[in-house]
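The values are calculated or read from the model by the stated rules, or taken from the named source; none is laboratory data. The shown structure was predicted, so the numbers you read here are calculated from the model rather than taken from an experiment. Note that each Cβ is placed from the backbone with ideal geometry, even for glycine, and that neighbours are counted across all protein chains shown.
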Amino acid sequence: MLEIFPCDGVIAACHGRPEALDELPDALALVLRTAPDEAWLVASRSRREGLLRSASLWLASADPGGVVVDQTDGWSIYSLPGPDGAEVWGRISVTALPRHRPAFLQGALSGVPGKALVADQALFLFVPASVGHHLEARLLATCVDLGASIGAPSLFTFGPKMMAETVR
C-alpha cells in the first residue's frame, strides 16, 4: 500500500551570492540548492517564524545584498515514505534517480514543474501549490496498482541523521 502524505512545511528561498549560499548553516534547516544564486531552507511549518528570522539575520551578515523570501504558501509538498519511491518516480518523471542519497532533482513531475528530494526510504515531491491537486490525481491514477491513497496531512520531517546533511 502506497500512502501519499501532504506535508505541512516551510520553504524559505535564500537569494544571494553563490559563495554566501555555499556557507548556509545546516543547523538552520534542510538546505536544498535550487540554482547558483538560490537555496531553499525547508523545515516543519512549526518553525516558520524562527527560520525566516534566523535565515534573514544570517544572510544579512554573509551577503548584505541577499534576501530571504517566504515561499511556503506557493508550494505543495508530498511525502511518499517506504520502498516504493523508485517505482513511483519511474511513473511520474523521465529523469533517472541518482544512486547517491539524499539527492535533489528538479524537472517535470507528471507534466508540471517540480522538485524532488530523494532519500533512502522516502521521496519528497514539491510542486507549485496551484497544481498540487494535479500531482495528487496523477499519483493516485498512475499508482492504483500499488494501492495508492492520500494520507492525513503531516508535518514535514526529514530524519535527524539526514537533517545534518546538506543536499547541494
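Just checking, how many residues over the range 1-46 are over 26 Å from residue 121 (Cα atoms), in a loop (DSSP other than H, G, I, E, B) and small (Gly, Ala, Ser)?
Initially, the range 1-46 is screened for residues over 26 Å from residue 121 (Cα atoms), giving 14-23, 36-38.
Keeping just the survivors that are in a loop (DSSP other than H, G, I, E, B) gives 16-17, 22-23, 36-37.
Keeping just the survivors that are small (Gly, Ala, Ser) gives 16.
Residues that pass the stated criteria total 1.
Here the condition is being modelled with pLDDT under 95, surrounded by 19 or more Cβ atoms within 10 Å (Cβ to Cβ), closer than 22 Å to residue 157 by Cβ and not aliphatic (A, V, I, L, M); of 81, 102, it holds for 102 alone.
Conditions (1) in a strand (DSSP E or B); (2) in contact with a Ser or Thr (Cβ under 7 Å, 6 or more places away or on another chain), marked per residue:
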position	(1), (2)
57	no, no
69	yes, no
97	no, no
105	yes, yes
140	no, no
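Let me confirm something: among 61, 46, which residue is exposed (fewer than 14 other Cβ atoms within 10 Å of the Cβ), touching a residue at least 40 places away in the same chain (Cβ under 8 Å) and over 30 Å from residue 147 (Cβ atoms)? Break it down into steps so the answer makes sense when it comes.
Working: 61 fails: touching a residue at least 40 places away in the same chain (Cβ under 8 Å).
After applying the criteria, what remains is 46.
Of the residues in the range 114-123, how many are more than 14 Å from residue 90 (Cα to Cα) and within 13 Å of the chain's Cα centre (by Cα)? Give the steps one after another, and end with the answer.
First pass over the range 114-123, keeping only residues more than 14 Å from residue 90 (Cα to Cα): 114-115, 117, 119-122.
Restricting the remaining residues to those that are within 13 Å of the chain's Cα centre (by Cα) gives 114-115, 117, 119, 122.
The number of residues fulfilling the criteria is 5.
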